[in-house]
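Notes follow once the structure below has been shown.
The values are calculated or read from the model by the stated rules, or taken from the named source; none is laboratory data. Model, not experiment: these values are computed from the prediction. Cβ placement follows ideal geometry from the backbone for every residue including glycine, while neighbour counts extend to all protein chains displayed. Ligands, DNA and RNA are stripped out before the accessible areas are found, and what is left, the full protein with its side chains, is counted by its heavy atoms. Shrake-Rupley method; radii C 1.70, N 1.55, O 1.52, S 1.80 Å.
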Amino acid sequence: SPDDMVGRDDYQMGWWEQADLYRSDDKRVLESGKSKLDYEEPQATPDGRHIWLRTSKVPLRDADGVIFGILGTYQDITAHQQAEEAIRRTNRQLRMLSDCNQALIRTTDEMELLATICTIVVQEGGYRMAWVGYAEQDASKTIRPMVHTGFEEGYLQNLNITWADDERGIGPMGTAIRTERPCLVRHIASDSRFAPWRAEAAQRGYAAVCALPLAASDQIFGALGIYSSAPDSFDAEEIDLLSELASDLAFGIAVLRARIERERAEQKLLE
């Protein structure tokens, strides 16, 4: 309301974070006498949110043409920005899924397929890092990293995770394998399930992670882990699409393994 603004400067407002930016624009309009119209800029709100504005600023002149102030108009375009970003994200994910399906058709080696899929997830999907871990059937129920792509910097080397129901198995990868369902950690910085790996993840800019189980012949054999640099990533639609990708990957691996077994059997018959 006017009572919240009149008599205050930008540094006393809820948008004090952007005060230098706003004052710079004001000064440019005042000194040049030229309007600045229909440009987009961020704004912090008193309740801690961040919104986007479409702004115009024009100089105010007196009867002699002398500039004495500025008229500013602001339109909240946050919803429009969010809608556009959702469209861009969906298109990016669809391209990622399409490229992965092409890789499933062309690739004839299991490790090459895993590496290709992880690369597509990072490059097309825009994620920070992706990796595949296989579930060992040893006493400790170890998860063995197979391939990764993206910013990893030794993260997997000392990960030491399992799919057992213990401290090192309640993370997203272990939970996805054990429960046979996708597991999401929206805020690595605060989620207690990620406590054993939080420090290492923070050093590499990981803010959220989604783990998706890989199954063949109704048996879970591993999981695909996808890390995002933005907290609160992975909405329901995104998880559905990534689940489809993981299902396609698992099917592709099953086909490759069946082909190898068939070739071995044929060779044995020939011998």
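Which count do you get for residues in the range 194-203 that are surrounded by fewer than 20 Cβ atoms within 10 Å (Cβ to Cβ) and either modelled with pLDDT of 95 or more or under 14 Å from Ile226 (Cα atoms) (or both)?
So the answer is 0.
Which one of these does Arg54 not meet: (1) of a type outside the set (A, V, I, L, M); (2) surrounded by 14 or more Cβ atoms within 10 Å (Cβ to Cβ); (3) in contact (Cβ under 8 Å) with a residue 24 or more places away in the chain?
Exception for Arg54: condition (3).
Taking the range 138-156, which residues are open to solvent by 60 Å² or more (accessible area, probe 1.4 Å), out of contact with any strand residue (DSSP E or B) (no Cβ under 8 Å at 6 or more places or on another chain) and under 20 Å from Ala201 (Cβ atoms)?
The one that is open to solvent by 60 Å² or more (accessible area, probe 1.4 Å), out of contact with any strand residue (DSSP E or B) (no Cβ under 8 Å at 6 or more places or on another chain) and under 20 Å from Ala201 (Cβ atoms): Glu153.
Taking the options Trp131, Trp163, name whichever one is open to solvent by 30 Å² or more (accessible area, probe 1.4 Å) and hydrophobic (A, V, I, L, M, F, W, C).
On the way: Trp131 fails: open to solvent by 30 Å² or more (accessible area, probe 1.4 Å).
Criteria check complete, one pass: Trp163.
Would you point out which residue out of Asp26, Asp38, Asp20, Asp47 is over 30 Å from Ile260 (Cα atoms), part of a helix (DSSP H, G or I), open to solvent by 90 Å² or more (accessible area, probe 1.4 Å) and of a type outside the set (S, T, N, Q)?
Among Asp26, Asp38, Asp20, Asp47, only Asp20 is over 30 Å from Ile260 (Cα atoms), part of a helix (DSSP H, G or I), open to solvent by 90 Å² or more (accessible area, probe 1.4 Å) and of a type outside the set (S, T, N, Q).
State all residues of the range 166-193 that are polar (S, T, N, Q) and open to solvent by less than 50 Å² (accessible area, probe 1.4 Å); if no residue qualifies, say none. Steps first, please.
As a first pass, look at the range 166-193 and keep what is polar (S, T, N, Q): 175, 179, 190, 192.
Matches in the range 166-193: Thr175 only.
Is there a residue in the range 208-228 that is in contact (Cβ under 8 Å) with a residue 40 or more places away in the chain, surrounded by 14 or more Cβ atoms within 10 Å (Cβ to Cβ) and farther than 24 Å from Glu136 by Cβ?
yes
Conditions: (1) more than 26 Å from Gln137 (Cβ to Cβ); (2) modelled with pLDDT under 90. Ala265 meets all but one. Number of the miss?
(1)
Restricting to the range 228-247, name every residue that is of a type outside the set (S, T, N, Q), out of contact with any helix residue (DSSP H, G or I) (no Cβ under 8 Å at 6 or more places or on another chain) and not in a helix (DSSP H, G or I).
Listed by number, the residues that qualify are Ala230, Pro231, Asp232, Asp235.
How many of the residues making up the range 84-94 are more than 18 Å from Ile239 (Cα to Cα) and either more than 17 Å from the chain's Cα centre (by Cα) or among the hydrophobic types (A, V, I, L, M, F, W, C) (or both)?
0
So Ala254 clears everything in (1) within 20 Å of Arg128 (Cβ to Cβ); (2) assigned to a helix (DSSP H, G or I) except one condition, right? Which one?
The number of the failed condition is (1).
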